[in-house]
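Input: a single structure, listed below in structure tokens.
The values are calculated or read from the model by the stated rules, or taken from the named source; none is laboratory data. Remember, predicted model here, so these are calculated numbers, not experimental data. Please note: Cβ atoms are built from the backbone with ideal geometry, for glycine as well, and neighbour counts cover all protein chains shown.
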Amino acid sequence: MKYIILVLCLFAACSKAYVVQNTLEGRAAENLKKIALLKTGTRVKKIEKLLGPPDKVDHVFVNGTGMVDFYFYRTGVTNKSVEDDFTPLVFKDGQLLVMGWPFYRMMKVAQNPHNSVISKLTINHTQE
């Protein structure tokens, strides 16, 4: 009888962990933990292996810098704004440069205002 209770408890604990990881809240929490461990210079493929494909991608051509890729990963579920719910990871030549909103804003301001900017925001996948 004790064995059956132990098995049921283990099953319940595993089921709960699975459900948490497969909700937006669970995915956001896991992404936040993993992003905190990233180091600049990490290759984009390694990050995608760790975090999965990004939720959103922004490719920006910046004069004097060239093409910069912003990968947005869900790290919140407030539904207030993109800045509240996503963290941008900034890549140049396939390597992580920096992460966070201040650099994203700086790069957006540095774009050429005369329509020579290539910028496209796309949604790769969402899990809702």
- Can you tell which of 39, 34 is at pLDDT 75 or above, in a helix (DSSP H, G or I) and not small (Gly, Ala, Ser)? 34
- Any chance residue 65 is in contact with a strand residue (DSSP E or B) (Cβ under 7 Å, 6 or more places away or on another chain), in contact (Cβ under 8 Å) with a residue 12 or more places away in the chain and polar (S, T, N, Q): no
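Residue by residue, here is whether (1) closer than 28 Å to residue 22 by Cα; (2) aliphatic (A, V, I, L, M); (3) outside any helix (DSSP H, G or I) holds:
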residue: 64; (1), (2), (3): no, no, yes
residue: 68; (1), (2), (3): no, yes, yes
residue: 77; (1), (2), (3): yes, yes, yes
residue: 106; (1), (2), (3): no, yes, no
- Query: residue 97 versus (1) under 13 Å from the mean Cα position of the chain (by Cα); (2) surrounded by fewer than 20 Cβ atoms within 10 Å (Cβ to Cβ); (3) touching a residue at least 24 places away in the same chain (Cβ under 8 Å): which is the lone unmet condition?
  - Reply: (1)
- For the stretch 42-82 the number of residues that are modelled with pLDDT of 95 or more and among the small types (Gly, Ala, Ser) is 1
- Task: Take the residues in the stretch 32-51 that are surrounded by 15 or more Cβ atoms within 10 Å (Cβ to Cβ) and farther than 21 Å from residue 83 by Cβ, then tell me which one is farthest from the chain's Cα centre (by Cα).
- Result: 42
